[in-house]
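Read the figures in this text as sums done on the coordinates, not as results from a lab. Note that the coordinates shown come from a computational prediction; the quantities given were computed from them, not determined experimentally. Backbone-built Cβ (ideal geometry, glycine too); neighbour counts: all protein chains shown.
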Amino acid sequence: MKTVYGLKALQFLASRGTNDPVLISEIAEHEKIPKKFLETILLTLKNEGLLTSKIGKGGGYLLAFPASSITMERIVSALEGSVALVPCVAEESGSKCEYCDDNSVCGVRLVMSNLTDQFVSSLRETTLQDMQAMTDEAVQNSKKIINYTI
């Protein structure tokens, strides 16, 4: 849930399109995220350099970069660490898998390593702005709004 809530909070900040800080309580209420959990998530994102904050009157959180330059990989890595699908694929683990004798010939590891690479590549290519655009399009489609923009 940490990543889901983090993505929802970041998308909320991106959708505002302003450089005005947003209070945690506003994000929590709008996105239906438990405030205490959101505080921890936003602090993590701030410590990872994805958010900045302002203290005092008019304070709150805001994106540290434009949504177009914040990738899903950076967000997921900040909140989850490794994005490997199985532990033996995680680069930082480097340890021998307890279920096989030789990682280099383990079919499960080979397939999962390939799938992890594809997944990470997709995360690298997808930005917060892309997520917002997909959401906007889905909302338009759900309302049967025709967009004649060329």
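Structural remarks
- Most fluctuating residue given options K57, K35, K46, as computed from a GNM of the chain linking Cα atoms under 10 Å: K57
- Signed unit charges on C-beta, dipole axis of the chain, positive-most listed residue V4, V76, L110: V4
- For the chain, the residue among I55, A14, L123 whose Cα projects farthest onto the positive side of the dipole built from Cβ charges is I55.
- Eligible lysines near K36 by straight Cα distance, threshold 21 Å, same-chain separation 8 or greater: K2, K8, K46, K54, K57
- Total formal charge among the other residues, if their Cβ is under 15 angstrom from that of E31, Lys/Arg +1 and Asp/Glu -1: +3
- Under the convention that each Lys and Arg Cβ holds +1 and each Asp and Glu Cβ holds -1, the size of the dipole of the chain around its Cα centre is about 680 debye.
- Highest mobility in the GNM of the chain, judged by mean-square fluctuation with C-alpha springs under 10 Å and restricted to E80, E31, E98, is found for E98.
- Reciprocal mean inverse distance between Cα atoms of the stretch 45-150 - Kirkwood radius, Å: 17.0
- Amide H within-cut-off set for I70, under 5 Å, with H built and near neighbours excluded: L128, Q129
- For the chain, the relative contact order works out to 24 percent when only alpha carbon pairs closer than 8 Å and six or more residues apart are counted.
- Residue-wise HN-Hα coupling along the stretch 67-74, computed from phi with Karplus coefficients 6.51, -1.76, 1.60 (Hz; x: Gly, Pro): 4, 5, 10, 9, 8, 4, 4, 5
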